[in-house]
Amino acid sequence: MTDERRLYMPEVAAIRTIVETPTETVSAPEHRILAPHVRRHRAFWTTDDRENEGGNWDALAAENEIHAAISTFNEAKEERKSRENVAFLMGRLSPGTRVLDLGCGYGRLAKYLLPGMRFEAYVGVDCSPVMLKKFHERYAASEAERATPLVLALGDIDRIPLKDATIDACIVSAVYLHNHKDVTRRSIAEIRRVLRPGGRVMVISSFPSTRGLTGLQGWAYLSCLRLIGQGRKNGPVRYFTRREVAELFAGFRDAVIHPFGFSVLPKTILGLPTAWQVRYRRFYDRLHAFLERRLPEPVRAFFCVHFDVVASV
């Protein structure tokens, strides 16, 4: 998401009343992390050059932040859908470090990570003030999360409002798949800029695979959008080859690509009437279960749903 919006950050002291009066003061750990020229407005920090609201992303967040972020409607389903990602991250994060959650939304991952591990600071960057407000409200109400200082900033994923070399680990979850690939390239360059030497980036659920008919359908849809001059719009899923993913991280060291999931057929077919879509989904579920049981692991890995990446600088 790259629309211009305001930059916010809540007070990071553990259990402290938020000062409502705007001020220019920046205290630790913010002054070591945030880019210059920030000011506080109520519970958040803002830069003078970000004055627009969050648009459609804000509207979706206000309606149901869980569905807006991960296409499910309640916390029980959210927990099940997030379980593997949280386990993946917990095994690769270290306590006492500075963590950047790029495209953090309402804190979908932080609500599970922070109670289980204490960090020097948890930095959330998102383009939606509504999402960040929801993140802050939940954080303020959770004693377990407040053990870690929180820094929230409204910013673009390809213009991260942080100083150079200030972050130990960066998380990107389900963010790049809806952005133009040029935005993704710039974002990854920005991550490299803000990571400290030896820092690590973990990108999950963000690089859908071109392999299988899902990727073919997505490529055809994007081709149609390009023909009508809408190829750069946010929203449509972008699909990646393994080679493209590797090239994105060519400037990093120790980049490891993890195939995740398995799918040959698309879960839905674009343009199919609803009644036929229901019938097709039943067929898909049966065939998918059969193939998953019968196909060997290398074949399932080839037809992965997406590529996850862990890389160091």
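The values are calculated or read from the model by the stated rules, or taken from the named source; none is laboratory data. If you're wondering where the values come from, they're calculated on a predicted model, not measured in any experiment. When we count neighbours, we look across all protein chains shown, and the Cβ atoms used for this are built from the backbone with ideal geometry, even at glycine. All accessible areas refer to the heavy atoms of the entire protein, side chains included, with ligands and DNA or RNA removed. Shrake-Rupley method; radii C 1.70, N 1.55, O 1.52, S 1.80 Å.
In table form, for the structure just shown:
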read-out: Rough spin-label spacing in nm, given labels placed 7 Å along Cα→Cβ, for M90 and Q230; value: 4.2 nm
read-out: Share antiparallel - DSSP beta bridges, region 177-313, percent rounded to 5; value: 90 percent
read-out: Ranked by how many other beta carbons lie within 10 Å on average, peptides 293-304, 93-104 from highest; value: 93-104, 293-304
read-out: Efficiency of FRET from Cβ geometry, E137 and A220, R₀ 41 Å, rounded to 0.05; value: 0.50
read-out: Set of lysines near K81 by C-alpha distance (under 22 Å), chain-local residues within fewer than 8 positions excluded; value: K111, K134, K267
read-out: Region 182-313: C-alpha gyration tensor shape, a/c 1.5 cut-off, then a/b vs b/c; value: oblate
read-out: Residue-normalised accessible area of region 118-276, expressed per residue, 1.4 Å probe, Å²; value: 44 Å²
read-out: Where labels lie 7 Å past Cα in the beta-carbon direction, separation of E79 and F302 in nm; value: 3.9 nm
read-out: Anchor K181: lysines whose Cα lies under 16 Å away (excluding residues fewer than 8 positions away in-chain); value: K233
read-out: Relative packing of peptides 228-235, 146-153 - highest average C-beta neighbours within 10 Å first; value: 146-153, 228-235
read-out: Paramagnetic reach from A189 in region 152-168 [backbone N under 15 Å; point 7 Å along Cα→Cβ]; value: 157-160
